[in-house]
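**Student:** The following block contains the structure, expressed as C-alpha coordinates.
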Amino acid sequence: MRCRVVAATFVFAVMFLTGGCITSEDWDVWRSHNTHFASGEHGLFSLRNNRDGSNPRVYRSDIEDARNQNWWGRYAINVTPEQIYKN
(Lines give C-alpha, C1' and ligand atoms only; values in the text may rest on other atoms or scores of the structure.)
Protein backbone atom coordinates (compact mmCIF):
# COMPACT_ATOMS: atom_id res chain seq x y z
CA MET A 1 0.00 0.00 0.00
CA ARG A 2 2.77 2.41 0.91
CA CYS A 3 4.49 1.71 -2.41
CA ARG A 4 1.35 2.74 -4.33
CA VAL A 5 1.10 6.01 -2.41
CA VAL A 6 4.75 6.79 -3.14
CA ALA A 7 4.31 5.91 -6.83
CA ALA A 8 1.16 8.03 -7.14
CA THR A 9 2.87 10.95 -5.45
CA PHE A 10 5.84 10.64 -7.79
CA VAL A 11 3.61 10.56 -10.89
CA PHE A 12 1.66 13.59 -9.69
CA ALA A 13 4.89 15.50 -8.94
CA VAL A 14 6.31 14.77 -12.39
CA MET A 15 3.09 15.85 -14.09
CA PHE A 16 2.95 19.03 -12.01
CA LEU A 17 6.57 19.97 -12.70
CA THR A 18 6.46 19.27 -16.43
CA GLY A 19 3.16 21.10 -16.80
CA GLY A 20 4.74 24.18 -15.30
CA CYS A 21 7.34 24.37 -18.08
CA ILE A 22 4.88 25.04 -20.88
CA THR A 23 4.00 28.59 -21.89
CA SER A 24 0.47 29.92 -22.24
CA GLU A 25 0.88 30.03 -26.04
CA ASP A 26 1.87 26.36 -26.04
CA TRP A 27 -1.21 25.53 -23.96
CA ASP A 28 -3.44 27.43 -26.41
CA VAL A 29 -2.08 25.45 -29.36
CA TRP A 30 -2.38 22.18 -27.46
CA ARG A 31 -5.97 22.87 -26.30
CA SER A 32 -7.14 23.85 -29.79
CA HIS A 33 -6.59 20.27 -31.06
CA ASN A 34 -7.95 16.97 -29.84
CA THR A 35 -4.57 15.20 -30.14
CA HIS A 36 -0.98 16.20 -29.56
CA PHE A 37 0.10 15.42 -33.14
CA ALA A 38 -1.90 15.34 -36.35
CA SER A 39 -0.53 11.89 -37.24
CA GLY A 40 2.28 9.47 -36.62
CA GLU A 41 4.33 11.19 -39.32
CA HIS A 42 3.84 14.51 -37.52
CA GLY A 43 5.04 12.96 -34.26
CA LEU A 44 8.12 11.44 -35.87
CA PHE A 45 8.93 14.75 -37.56
CA SER A 46 8.73 16.55 -34.22
CA LEU A 47 10.95 13.99 -32.54
CA ARG A 48 13.48 14.26 -35.36
CA ASN A 49 13.68 18.08 -35.26
CA ASN A 50 14.55 20.14 -32.22
CA ARG A 51 12.39 23.06 -31.16
CA ASP A 52 14.72 25.87 -32.23
CA GLY A 53 15.25 24.42 -35.71
CA SER A 54 19.04 24.67 -35.47
CA ASN A 55 19.57 21.26 -37.08
CA PRO A 56 16.57 20.64 -39.36
CA ARG A 57 16.04 17.28 -41.07
CA VAL A 58 13.17 17.81 -43.48
CA TYR A 59 12.24 15.46 -46.30
CA ARG A 60 10.01 16.15 -49.30
CA SER A 61 7.51 13.66 -47.90
CA ASP A 62 7.36 15.71 -44.66
CA ILE A 63 6.28 18.77 -46.63
CA GLU A 64 3.61 16.81 -48.49
CA ASP A 65 2.37 15.18 -45.26
CA ALA A 66 2.23 18.56 -43.50
CA ARG A 67 0.03 19.97 -46.26
CA ASN A 68 -2.22 16.92 -46.55
CA GLN A 69 -2.62 16.29 -42.81
CA ASN A 70 -2.79 19.96 -41.75
CA TRP A 71 0.00 19.79 -39.18
CA TRP A 72 0.04 22.42 -36.45
CA GLY A 73 2.44 23.70 -33.88
CA ARG A 74 3.78 26.79 -32.28
CA TYR A 75 7.30 26.31 -33.60
CA ALA A 76 7.75 26.20 -37.36
CA ILE A 77 10.79 24.55 -38.92
CA ASN A 78 11.91 26.77 -41.79
CA VAL A 79 14.36 25.45 -44.36
CA THR A 80 15.70 26.54 -47.69
CA PRO A 81 15.18 24.31 -50.74
CA GLU A 82 18.82 23.20 -50.51
CA GLN A 83 18.25 21.85 -46.98
CA ILE A 84 15.40 19.53 -47.97
CA TYR A 85 16.40 15.87 -48.23
CA LYS A 86 15.03 13.88 -51.14
CA ASN A 87 13.29 10.59 -50.34
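The values are calculated or read from the model by the stated rules, or taken from the named source; none is laboratory data. All figures in this text were calculated on a predicted structure; none of them were measured in a lab. Please note: Cβ atoms are built from the backbone with ideal geometry, for glycine as well, and neighbour counts cover all protein chains shown.
**Student:** For segment 45-68, enumerate the residues that are closer than 16 Å to Asn87 by Cβ and small (Gly, Ala, Ser).
**Tutor:** Ser61, Ala66
**Student:** Further, regarding this structure: Mind listing whichever residues of segment 70-86 are assigned to a loop (DSSP other than H, G, I, E, B), free of Cβ contacts under 8 Å to residues at least 40 places away in the same chain and within 21 Å of the chain's Cα centre (by Cα)? Before you say what the answer is, go through the steps one by one.
**Tutor:** Going residue by residue through segment 70-86, those that are assigned to a loop (DSSP other than H, G, I, E, B) are 70-80, 86.
When the remaining residues are screened for being free of Cβ contacts under 8 Å to residues at least 40 places away in the same chain, the result is 70-71, 75-80, 86.
Scanning segment 70-86 gives Asn70, Trp71, Tyr75, Ala76, Ile77, Asn78, Val79.
**Student:** What do you reckon, is Asp52 of a type in the set (Asp, Glu), surrounded by 12 or more Cβ atoms within 10 Å (Cβ to Cβ) and at pLDDT below 80?
**Tutor:** Here the answer is no, as Asp52 does not meet what is asked.
**Student:** Here's something else I'd like to know. Under the condition of being in contact (Cβ under 8 Å) with a residue 24 or more places away in the chain and among the small types (Gly, Ala, Ser), which residue from segment 33-62 is nearest to Trp72 (Cα to Cα)?
**Tutor:** Ranking the candidates gives Ala38 first.
**Student:** Does segment 3-19 contain at least one residue that is loosely packed, with under 12 Cβ neighbours inside 10 Å, farther than 19 Å from Lys86 by Cα, among the basic types (Lys, Arg) and at pLDDT below 85?
**Tutor:** no
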